[in-house]
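Shown next, in structure tokens, is the structure this report addresses.
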Amino acid sequence: MKKYAGIIIDQAHPSIDRIFHYSIPEKIADKIGIGYRVVVPFGRYNSRVEGYVMQLDEVIQVPLDKIKPIYRVLDTSPAILPQNIPIIRWMVDEYHCMTIEAIRCFVPPGVRSNMGKKYKKVVYLQVRDRVDKCIAEIKNRSSYMAAILEYLKHRDGQDMDKIALATSAPPSSFKNLEKRGWIRIEEKEVYRDPWDGEHLPSTPFAFELTEEQKYAVDTIMDSLKTDTHATFLLHGVTGSGKTEVYIRTVDEVLKKGKQAIVLVPEISLTPQTVKRFKDRFGDRVAVLHSRLSEGERYDEWRKIIRGEASIAVGARSAVFAPFSDLGTIIIDEAHDDSYKSDLRPKYNALDVAKKRCQLERAVLILGSATPSLEEYYSAINGEIELVELTHRVDKSSLPHVEIIDMRQELIRGNRSMLSVDLYEGIDTILRRKEQAILLLNRRGYANFISCRECGWVAQCKRCAVSLTYHATERRLKCHYCGDQYTYPHTCPNCNSRYIKQFGVGTQRLETQLLRYFPQARIARMDMDTTSKKNSHQRILSSFGKREYDILLGTQMIAKGLDFPNVTLVGVIAADASLNLPEYTSAERTFQLITQVAGRAGRGDKKGRVIVQTYEPDHYAIECATRHDYKGFYNYEIGIRRRFSYPPFVHIVKILLTNIEENVLIGNVKELEYWIKDQIDKNPVLREGLVHIGAYPAPISRIKGKYRWQILIKIRNEKCFLYAYHGLIDIMLECYNMSDDTISIDFNPTSLL
């Protein structure tokens, strides 16, 4: 019998980021285990705090007079599955985070805040054999009580709130009937349902797979049958039926008695993906993402823990779904940057999925029409297995893509946001009762406002960025810190009234479209219109029912959506992301155009794509318009090799921030010299070092703090791992800086 429990205290502070041992009283010995939440005395004053049991020991190297007993166990089942403890420890090492930060990834907020279970009162009729007599007896005294009995006579065992709504009966009527013994009221636990009570039965597969799909499924099945870990890159053109491959794979996993996790990059994709899986697997599907309420996430998590759900579908955090016998993790649109967390711990869902599948002998599937260069490089070098779908499921051709040089439009006198071709294309689909998707990856009405007399630009007081004008609220907003400002009618610098809005955003495009096409029904989908709960689902559902003609939005509409009546896709500013100071800017531009182009022509009608750009000759745009992934890959991989960027090097980004710029620069320079000195002393690091340098961050100030970064490029895996787990640990020990002033990111997705 284990006598002692090693516990991590549920408080995020570096000084207590270690195991504390407690004795296990006999009365709770049979109620405790690894992963359970407990209440323990902690600190000098024995404050009651919560913690997680991470290990059980018979012997410990701690004086017995220092050992305190556990007060109580909080749950009847573990909050963390024992098989998840190794992945938690791996995250602590991999992301240099505290243990409790990794634990919290696996435990939803509803558990930590002791979110209560939800109950409803169900009413049962107790006098069925004489209900008519009871109604006659009571109706002269209380019409409400009679109405309740009449209702239950035809529909017994109903929700009390539902009966009250139908009969207008007050609570006292139910209580009086219960006192008479004519009804019985029971409390039953119910799940909070994020899908509004829509429970779907599972349905059989409706169609045959293509030969390419069959090959993909059979290839994956070979690994599933042998219970061996494997990673597959499923590279399929848009419309090639990757989702159907996922569904068939999950079906095989469930037949083996195992479970599956399906990740999508955008919450906007969750409704369509959930529907596809619910159509096939019914209520065995749980949904996990950040837009659910705390109670809904808690209930979906409990459905998984209790074995009532075998499939978890959701965004990044769903990778932590508490399955005990995982068969597969599927990551759709695996190239997307949103799988990387910006908050501590700065985990990448792809890396967590790889490690989890490795530890649990599960199959990992990375699906994309535009894989990241790193993943495709790994695939063609044999590190992971490449499976390709080169044709659309109905053998239809990919949509025709036209490039519009907006410089020529200006020469012709067209200063509109729409080229002549796109204007005519929209007019055509409206007359044909078809639909269009328009992508403009900038929200708001105008990118900035400026004084035309003195050149003043409205900037955020806390961030080194211009403010975006939002016409609906007539406010200026900072998209980095969230601050808002009133719109100035005169220049605060020179008092001029020549204030003008420059640049374009989704609000401005919507206004212009309504002016050109007043009959058009337009749905705008960006951060401003999707902030409310279930807003993604409502907009996409309405568009799917053809209640809108045009879906206008930012990048959230570019991936994964499947609407057969969409025959036109327009890209308004294709080169918007090309000029960002990022080594991935060309790759992101190619991916975005290719993905949104794939939304056209997915039904029986041919699709057309119009790409508006001021850089029509750029290789990323040219390759995207040809749907030529391999052509883009070959060109871009040569640039990455020549200038030493991933996958040929690893990057460590050390970001430092401070409200005092001079103090920050001094700290950065001191740290840079210290790191260089450490590298010079170590032959392994010295051999692998490609570059180290300190620079102001491209966005030099956010939320009132100045930003500088040290970038380190390291050539090979051995050197990188040494820097990863050696040099950085030493640095954190030597430099006593708070989390607010230093942030370390390994292989960052952004250098901004």
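The values are calculated or read from the model by the stated rules, or taken from the named source; none is laboratory data. Computed from a predicted model, the values in this text were never measured in an experiment. All Cβ positions, glycine included, derive from the backbone under ideal geometry; neighbour counts span all protein chains shown.
Residues satisfying the criterion are present in region 648-660 (criterion: farther than 21 Å from Ser750 by Cα and outside the structural domain of Gly236 (by TED's automatic domain parsing)). Restricting attention to region 371-404 and to residues that are polar (S, T, N, Q) and within 29 Å of Ile572 (Cα to Cα), the residue that is surrounded by the fewest Cβ atoms within 10 Å (Cβ to Cβ) turns out to be Thr390. Please go through region 288-309 and pick out each residue that is touching a strand residue (DSSP E or B) at 6+ places or on another chain (Cβ under 6 Å) and either surrounded by fewer than 21 Cβ atoms within 10 Å (Cβ to Cβ) or β-branched (Val, Ile, Thr) (or both). Hits for region 288-309 are Lys303, Ile304. Scanning region 481-496 for residues that are free of Cβ contacts under 8 Å to residues at least 24 places away in the same chain and not in a loop (DSSP other than H, G, I, E, B), we see that the one that is farthest from Lys703 (Cα to Cα) is Thr486. Of all residues in region 621-649, those that are within 22 Å of Met417 (Cα to Cα) and in contact with a helix residue (DSSP H, G or I) (Cβ under 6 Å, 6 or more places away or on another chain) total 1. So is Leu592 in a helix (DSSP H, G or I), touching a residue at least 24 places away in the same chain (Cβ under 8 Å) and surrounded by fewer than 21 Cβ atoms within 10 Å (Cβ to Cβ) or not? In short, no.
Within region 565-572, is even one residue touching a helix residue (DSSP H, G or I) at 6+ places or on another chain (Cβ under 7 Å) and assigned to a loop (DSSP other than H, G, I, E, B)? For region 565-572, residues touching a helix residue (DSSP H, G or I) at 6+ places or on another chain (Cβ under 7 Å) and assigned to a loop (DSSP other than H, G, I, E, B): present. Within region 265-279, the set of residues being in contact with a Leu (Cβ under 9 Å, 6 or more places away or on another chain), more than 13 Å from Leu540 (Cβ to Cβ) and crowded, with 20+ Cβ neighbours inside 10 Å comprises just one member, Lys278.
Evaluating Ala464 against the criteria (1) of a type in the set (A, V, I, L, M); (2) assigned to a strand (DSSP E or B); (3) surrounded by fewer than 19 Cβ atoms within 10 Å (Cβ to Cβ) leaves one unmet condition, (2). Restricting region 405-435 to residues that are under 15 Å from Glu615 (Cβ atoms) and acidic (Asp, Glu) leaves a set whose member that is surrounded by the most Cβ atoms within 10 Å (Cβ to Cβ) is Glu409.
Among the residues making up region 587-604, those that are charged (D, E, K, R) and under 19 Å from Asp337 (Cβ atoms) are Glu587, Arg588. Residues considered: Leu439, Leu422, Leu364, Leu373. Of these, the only one that is of a type in the set (A, V, I, L, M), under 26 Å from Lys340 (Cα atoms) and assigned by TED's automatic domain parsing to the domain that holds Cys623 is Leu439.
Sort out which residues of region 595-624 are of a type in the set (Gly, Ala, Ser) and surrounded by 21 or more Cβ atoms within 10 Å (Cβ to Cβ), and write them in order of number.
Hits for region 595-624 are Ala597, Gly598, Ala600, Gly601, Gly607, Ala620, Ala624.
Count of region 467-495 residues, restricted to those that are among the small types (Gly, Ala, Ser) and surrounded by fewer than 14 Cβ atoms within 10 Å (Cβ to Cβ), is 1. The single condition from (1) in contact with a Ser or Thr (Cβ under 7 Å, 6 or more places away or on another chain); (2) at positive phi that Gly43 fails is (1). Scanning region 357-388 for residues that are of a type in the set (S, T, N, Q) and within 22 Å of the chain's Cα centre (by Cα) returns Ser368, Thr370, Ser372. Taking region 337-456 as the region of interest, the helices (runs of 4 or more DSSP H) fully inside it that hold 2 or more residues being of a type in the set (Val, Ile, Thr) and in contact (Cβ under 8 Å) with a residue 24 or more places away in the chain are 420-431.
Of all positions in region 266-288, at least one carries a residue that is closer than 15 Å to Gly110 by Cβ and either among the small types (Gly, Ala, Ser) or at pLDDT 95 or above (or both).
Residues of region 58-75 that are at pLDDT below 90, over 30 Å from the mean Cα position of the chain (by Cα) and of a type outside the set (A, V, I, L, M): Glu58, Gln61, Pro63, Asp65, Lys66. Residue selection: Tyr151 satisfies the criterion of being within 28 Å of Glu189 (Cβ to Cβ), surrounded by 15 or more Cβ atoms within 10 Å (Cβ to Cβ) and of a type outside the set (Val, Ile, Thr).
Residues that are over 33 Å from the mean Cα position of the chain (by Cα) and within 26 Å of Tyr480 (Cβ to Cβ) were ranked within region 670-707; the one that is surrounded by the most Cβ atoms within 10 Å (Cβ to Cβ) is Leu671.
Could you run through region 525-549 and say how many residues are closer than 22 Å to Arg431 by Cβ and either among the hydrophobic types (A, V, I, L, M, F, W, C) or in a strand (DSSP E or B) (or both)? Please lay out each step first, then the result.
From region 525-549, those closer than 22 Å to Arg431 by Cβ are 542-549; that's our starting set.
Going one step further and asking which of them are either among the hydrophobic types (A, V, I, L, M, F, W, C) or in a strand (DSSP E or B) (or both), we end up with 543.
Of the residues in that region, 1 qualify.
If the Cβ limit is 8 Å and pairs must be 6+ apart or interchain, which residue in region 604-618 that is assigned by TED's automatic domain parsing to the domain that holds Met406 and free of Cβ contacts under 8 Å to residues at least 40 places away in the same chain pairs with which residue that is of a type outside the set (Val, Ile, Thr) and surrounded by fewer than 23 Cβ atoms within 10 Å (Cβ to Cβ)? Sorted first by the residue in region 604-618, then by its partner, the list stays empty.
Of the set (1) buried (at least 22 other Cβ atoms within 10 Å of the Cβ); (2) within 23 Å of Gly241 (Cβ to Cβ), all apply to Pro564 but (1).
Looking at Glu409, Glu424, just one residue is of a type outside the set (Val, Ile, Thr), over 35 Å from the mean Cα position of the chain (by Cα) and at pLDDT 95 or above, and that residue is Glu424. Of all the listed residues (Ile539, Ile449), the sole one being within 22 Å of Arg415 (Cβ to Cβ), in contact with a strand residue (DSSP E or B) (Cβ under 6 Å, 6 or more places away or on another chain) and crowded, with 16+ Cβ neighbours inside 10 Å is Ile449.
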